[in-house]
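A short worksheet on the structure shown next.
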Amino acid sequence: MAVATLAGCGASGHSLLNSEVRKLNPSLLTPFPFTFSLDPLGLFFLILICTVSLPVALFSVSYVKRHYSAARQKWLWALLFLFVTSMAGVVAASSGFAFLVCWEIMSLASAGLILIEGSSGDRRHNLFIYLLMTHAATAAVIAAFLVFLPHSHSLDFAAIRAAGATLPPGVRIALFLLAFAGFGTKAGIIPLHLWLPRAHPIAPSPVSALMSGVMLKIAVYGFVRFAFDFLVGGPAWFGYLVLVAGAVSGLLGVLYAIAEHDLKRLLAYHSVENIGIIYLGLGASLVFMAHGARVWAALALAGALLHTLNHALFKSLLFLGTGAIADSTHTVDLEKLGGLQRRMPVTGAVFLIGCCSIIGLPLFNGFISEWMIFRSFLGGSTLTNSIAQTLLPLIVGVLALIGGLAAACFVKVFGVAFLGRPRSQEAEHASEAPLAMRAGMMLLAAGCMVIGIWPGAFLRPIVSLAQSLVGAPAAPPETLLIARVIPWVAAAFLALLAVVSVLKRAKRQTPTWACGLPGLTSRMQYTSTSFSKPIRFVFGRVYKADRKLEVLPEDQPYFPASISYHSVRTTSYERFLYRPFVDGVVAAANQLRRLQTGNIQVYLLYIVMTLVSLLLYLRLAG
């Protein structure tokens with residue numbers, strides 16, 4: 001698997017840099033149009049798949065041996081290879097049939113990988129929700145291709161692309177909404193993300209890395225293919241819809257993440273947040289296209305595509321780091337961790353790189369893409385349309401708030417997990433991850449650093465791709481500026497770091513002051529709950545928590561024997577969207593059960609009534 005991904009990464013990278021198109025036509029094996037053709041957009045996402053899959057495969061070598069029996073190891077490697085291959089097939093497909101077949105294999109293979117961990121009742125319930133929503137998304141994508149069919153007369157992408165420019169307005173709107181709902185569900189935008197925080201935490205850590213780092217990006221690829229390649233943009237409200245979805249997903253995703261103590265669920269919600277940031281860039285690009293500002297559209301789209309690659313790198317790194325923590329401590333509960341930096345120094349260092357990347361600090365890859373998206377919003381002030389001129393600059397504040405909350409969240413994550421003192425025996429006796437696991441994480445960390453320090457080498461093909469998709473006549477000058485400035489800033493920072501390192505050797509080390517007490521303990525430090533409490537208090541209306549405080553014994557409130565605090569968060573979309581829908585379906589099913597009387601004579605009556613109704617219909621129609 002590692003050799004295959006390395007070869008695929010090299011071949012696709014060469015083709016992207018040289019704007020080559022490679023074709024494969026195995027339709028002789030099937031009567032359906034099952035063809036593959038890699039254009040620059042598909043090549044970009046194929047590079048993303050290969051770049052992440054290689055470190056994950058390397059990490060999995062030790063992880064799989066340490067966690068699974070020989071029989072399960074064979075199943076996991078087979079399904080893992082099928083999962084990665086199907087994702088590559090989706091981005092390489094050049095016909096709707098090939099796209100949908102690979103898309104379905106991708107969904108089923110990921111479900112099989114989740115079941116590798118076991119089949120408890122709770123796991124089956126969460127997996128059922130995942131399969132239900134992913135197949136609802138698939139149904140919307142199939143419907144989008146079928147709506148195209150009467151106009152393109154073929155499911156070949158070339159025919160679909162040719163028909164996209166002449167579609168009636170109503171058909172164009174239907175196609176966009178179907179693509180937005182189908183791919184948005186798979187990408188995890190709110191409120192269509194219900195499956196995501198349920199499926200990611202129950203999967204093995206390498207699988208979580210691939211699902212969050214790569215599979216979500218396949219949905220982004222599908223939306224970009226439809227919105228920018230097939231439909232070539234559309235009216236401005238297309239972009240406003242995507243902007244709103246991105247803003248809501250980004251803000252709520254990071255707020256839900258802050259309140260989590262389970263590290264894998266926290267990272268899953270941050271996937272929702274970063275998908276929101278990507279959609280902010282895509283929405284801004286659609287708005288600029290609708291108003292004829294093609295250069296600004298290229299900047300926003302290039303930022304979204306680069307953030308897609310960046311998120312694949314740092315989110316996979318963070319999930320692998322979580323897997324290393326779980327392997328060493330047997331828990332991912334932040335309240336039971338602490339002091340891991342001394343015991344797992346390599347894992348702590350690469351995890352810190354992932355944290356700095358995801359919050360967008362300079363000299364890390366997340367900063368480059370977020371700055372490009374941020375800068376594109378300011379271009380809205382140059383438009384003549386009053387709505388766009390007002391809304392796009394205002395989104396700057398939304399993106400800034402998302403970044404600030406993300407920084408607070410990952411200060412909590414790294415501080416509580418790696419700094420301070422251990423809060424459990426497992427954390428006290430933690431040890432460094434095996435070599436293969438460290439090597440996989442270090443490769444991803446190196447990718448985050450390389451893009452953050454030398455962005456120019458990556459911006460040139462990405463900006464060229466964005467220009468071709470939006471029809472921009474020239475490259476945005478902002479990309480040239482950042483490509484020139486960042487390496488000099490990095491050189492100055494490294495020089496300063498070298499000076500500090502030399503001065504650090506002469507310092508005198510003393511024990512940490514404990515306010516005059518004999519020594520610090522794990523109870524004298526912030527917990528995950530206490531750190532996030534002020535933010536949860538400010539945004540209390542978002543969480544809608546049901547709190548229960550129990551004091552025992554009840555007749556001694558001032559001298560209790562025990563105090564327990566329980567808080568359950570019920571999100572608004574669950575309470576007002578999904579719960580009424582589920583209750584309505586159950587009520588309708590209960591009503592329909594009355595038709596099943598168990599009496600054969602009643603069933604015969606149903607058949608006779610159906611035949612009579614059909615005969616009457618044919619009579620009237622004739």
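Listing for the model above:
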| item | result |
| --- | --- |
| Failed criterion for Gly234 (all others in (1) more than 26 Å from Arg72 (Cβ to Cβ); (2) of a type outside the set (A, V, I, L, M, F, W, C); (3) surrounded by 23 or more Cβ atoms within 10 Å (Cβ to Cβ) hold) | (3) |
| Pick from the range 443-463, criterion of a type outside the set (A, V, I, L, M, F, W, C) and buried (at least 18 other Cβ atoms within 10 Å of the Cβ), ranking: nearest to Ala298 (Cα to Cα) | Pro461 |
| Any hit, the range 475-490, residues being assigned to a loop (DSSP other than H, G, I, E, B) and under 30 Å from Ala227 (Cα atoms) | yes |
| Test: Ser381 is surrounded by 21 or more Cβ atoms within 10 Å (Cβ to Cβ) and touching a helix residue (DSSP H, G or I) at 6+ places or on another chain (Cβ under 8 Å) | no |
| Out of Thr331, Thr308, sole residue that is buried (at least 24 other Cβ atoms within 10 Å of the Cβ), among the polar types (S, T, N, Q) and either touching a helix residue (DSSP H, G or I) at 6+ places or on another chain (Cβ under 7 Å) or in a helix (DSSP H, G or I) (or both) | Thr308 |
| Residue check, Phe238 part of a helix (DSSP H, G or I) and touching a Leu at 6+ places or on another chain (Cβ under 9 Å) | yes |
| Candidates Lys336, Lys315 - the one that is touching a residue at least 60 places away in the same chain (Cβ under 8 Å), buried (at least 24 other Cβ atoms within 10 Å of the Cβ) and basic (Lys, Arg) | Lys315 |
| Only one of Thr329, Thr347, Thr382 that is out of contact with any Gly (no Cβ under 8 Å at 6 or more places or on another chain), under 24 Å from Ser208 (Cα atoms) and not basic (Lys, Arg) | Thr329 |
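Quick note: the coordinates plus some simple rules give every number you see, no bench work behind them. All values derive from a computational prediction rather than experimental measurement. All Cβ positions, glycine included, derive from the backbone under ideal geometry; neighbour counts span all protein chains shown.
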